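> Sharing a structure with you now.
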Amino acid sequence: MLYAFMEMTRAAMLPWRAAANVARTSLRSPLNPVGDTLAGRTAAAAADVFESLTRYYGKPEWGLSATEVNGQPVGIDIETVWNKPFCSLLHFSRDRGALAAARGVKAKAINDPRLLIVAPLSGHYATLLRGTVEAFLPTHEVYITDWTDARMVPVMEGRFGLGDYVEYVREMITAVGPGAHVAAVCQPGPPVLAAIALMAEDKDPARPATMTFMGSPIDTRKSPTVPNKLSEERPYEWFRDNLIHTVPAVYPGAMRRVYPGFLQLTGFINMNYERHVDAHYTYFTNLVKGDGDSADRHRQFYDEYLSVMDLTEEFYLETIDQVFQRHALPDGTLTVKGRLVRPELITDTALLTVEGENDDISGIGQTQAAHTLCTGLSKALREDYVQPGVGHYGVFNGRRFREEIAPRMTAFMERHAHHKRNGRKV
């Protein structure tokens, strides 16, 4: 009922949003003498803020049409190279002719490392990692997981749980090909480690050369944060009974049981409520002052931040149970489709962990726990890095990511791109 009520509320707001848009357009018209007065600018700013707070935010566009190599533009075509009901694998294919020209080499000589970025399935779309993708485009063949909003997947497509997530990841690593590099951002850490552990046990020839975990909840008992504590303080039944709702008939996934995006967004905002209020007040004052650049930066951030997706009931509840409450992976009890996950069997996929000094989502030590689990890796194949002065978002986006973290990741991948595997180079 709550989901249906939200949809009715959204529909009821449409006339008010339309009126706010008309008022804003009218007040900002150069033909309206009131528009350039303080009262006019204030009213237009108020209408703008109202519209932005009541808008339905759909899936954002990637907005990546080119990258720059040696000062020259190189076009990008986003291709879907693998697809299943709950996820697509995207490849940011660069124009090989333009890339070769920018480097002064022949196109056939280009053999850049392949990087699979596993985006989180925790509320926001993969486009939240736009900056992550951009940082590696000049030097890598970049692939990313594009998870599907659960409300858009018909019930007839079946369930999607944590074990299915692991199997999807394994299939996508295989699709990218042997000797690739995998970077898991935040939530995917445990299932990505599980997928690679299973590949190692099977001696799968498609297993990656390196794996990087960034701000991931490998073991949430280390430096527990507010979200970690909330996940443990409430019983499993509380999450099942209070956070799971039914998708209404207006969506393709009608009748699917989900953890709705609007509830996730409520949680995100409540964690830093005052910061968001201050941000919108500053946005309002910037609009009144006519500071268009600052207002545009606010819009760009919140257009992404307020775009959220639903998670399937089984994936969300299994994650709460196994990752945040029972700590199944670090305790050695995690199973996938009846198979025990054994990270100690990973012996030739190099490991890098990256954490943020001020991360309030995945505390210091939670990602580093991967080193404790991967006992089969020699010290030469394991590295850890803690980035000073950044929080959770700064681990994978922003200036310090571009200037300090991404170069370290690139160097790590280069060092371990050709290490020996079973007596031969990967």
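Every read-out reported here was derived from the displayed coordinates using simple, explicitly stated rules and does not represent laboratory data. Since the structure is predicted, the reported quantities are computational estimates derived from the model, not experimental observations. Here Cβ is always computed from backbone atoms with ideal geometry, including for glycine, and neighbour counts include all displayed protein chains.
> Would you grab the residues whose amide H sits under 5 Å from the one on Thr148? Only those 5+ places off in sequence or on another chain, please, with H modelled 1.01 Å from N.
Close amide H contacts, sequence-distant or interchain: Cys87, Ser88.
> Compute the FRET efficiency between Phe5 and Asp278 as 1/(1 + (r/R0)^6), taking r as their Cβ-Cβ distance and R0 = 25 Å, and round to the nearest 0.05.
That gives a FRET efficiency of 0.30.
> Now, a different point. Quick one: helix 162-176 against the long Cα principal axis of the chain, what's the angle to the nearest 10°, folded into 0 to 90?
Value to nearest ten degrees: 70.
> So if we plug the beta-carbon distance of Asp202 and Thr80 into 1/(1 + (r/R0)^6) with R0 = 35 Å, what FRET efficiency do we get, rounded to 0.05?
0.85
> Let me ask another. Summing Lys, Arg as +1 and Asp, Glu as -1, what charge do residues with Cβ under 15 Å from the Cβ of Pro217 carry, Pro217 excluded?
-4
> Another one. For region 129-136, just list the computed ³J(HN,Hα) in residue order, Karplus coefficients 6.51, -1.76 and 1.60, θ = phi - 60°, integers in Hz, with x standing in for Gly and Pro.
Computed from phi, the couplings for region 129-136 are 9, 3, x, 5, 4, 4, 5, 9 Hz.
> Residue-wise, which Karplus ³J(HN,Hα) couplings in Hz belong to region 340-347, taking 6.51 cos²θ - 1.76 cosθ + 1.60, θ = phi - 60°, and x for glycine or proline?
6, 7, 10, x, 5, 7, 6, 10
> When the helix-only estimate is applied to the chain (DSSP H runs of n ≥ 4, each -39,500 (n - 2.57), divided by the residue count), what is the mean residue ellipticity at 222 nm, nearest 500 deg cm²/dmol?
-12000 deg cm²/dmol
> Are there trypsin sites (Lys or Arg not before Pro) in region 1-108 that DSSP marks as loop and that have at most 12 other Cβ atoms within 10 Å, and which are they?
Here the sparse-neighbourhood loop sites are Lys106.
> Describe numerically, in nm with one decimal, the distance between label points set 7 Å from Cα along Cα→Cβ at Glu61 and at Arg103.
Each label point is offset 7 Å from its Cα along the Cβ direction, giving 2.9 nm.
> Amide H neighbours of Gln387 under 5 Å, counting only residues 5+ apart in sequence or on other chains, H built in-plane at 1.01 Å?
For Gln387, whose amide H was placed from the backbone, the distant partners under 5 Å are Glu355, Gly356, Glu357.
> Pull out the extension gain between Glu304 and Glu403, defined as 0.36 nm times the separation in residues minus the alpha carbon to alpha carbon distance; nm, one decimal.
Here the answer is 33.4 nm.
> Continuing with the same structure: Would you tally the net charge around Leu287, using a Cβ to Cβ cut-off of less than 13 Å, leaving Leu287 out, and scoring K and R as +1, D and E as -1?
Net charge in that neighbourhood comes out at +1.
> Moving on. For region 190-206, in order, what is each residue's ³J(HN,Hα) by Karplus, 6.51 cos²θ - 1.76 cosθ + 1.60 with θ = phi - 60°, in whole Hz (x at glycine and Pro)?
The phi angles translate into x, x, 5, 4, 5, 4, 5, 5, 5, 5, 5, 4, 7, 6, 5, x, 8 Hz.
> Sticking with this one: Among 175-184, 404-413, how do they line up by average Cβ neighbours within 10 Å per residue, starting with the highest?
175-184, 404-413
> Continuing with the same structure: Hey, what angle do you get for helix 406-415 against the long axis of the chain, alpha-carbon based, 0 to 90 degrees rounded to 10?
The angle comes out at about 20 degrees.
> Right, next: Tilt of helix 38-54 relative to the longest C-alpha principal axis of the chain, in degrees (0 to 90, nearest 10)?
That works out to roughly 40 degrees.
> Considering only DSSP states other than H, G, I, E and B, which trypsin sites (Lys or Arg not before Pro) in region 184-251 qualify as loop sites with at most 12 other Cβ atoms within 10 Å?
Qualifying residues, ordered by number: Lys203.
> Calculated FRET efficiency, Gln72 and Val22, Cβ-Cβ r, R0 60 Å, to nearest 0.05?
Given R0 = 60 Å and the Cβ-Cβ separation, E is 0.85.
> If the chain between Thr266 and Val250 were fully stretched, how many nm would it gain, using 0.36 nm times the residue separation less the Cα-Cα distance?
Net length gain for the segment: 3.6 nm.
> For the chain, modelled as a Gaussian network with Cα springs under 10 Å, which listed residue fluctuates most, Glu414, Glu314, Glu141?
Glu414
> Starting from the amide H of Gly376, placed 1.01 Å from N in the peptide plane, find each other amide H under 5 Å away whose residue is 5 or more places distant or on another chain.
Hits under the 5 Å cutoff: Ile346.
> Just one of [x] 69, 54, 39; [y] 76, 55, 39; [z] 78, 59, 42 is Cα extents along the principal axes in Å as worked out from the coordinates here. Which one is it?
The listed entry that was calculated here is [z].
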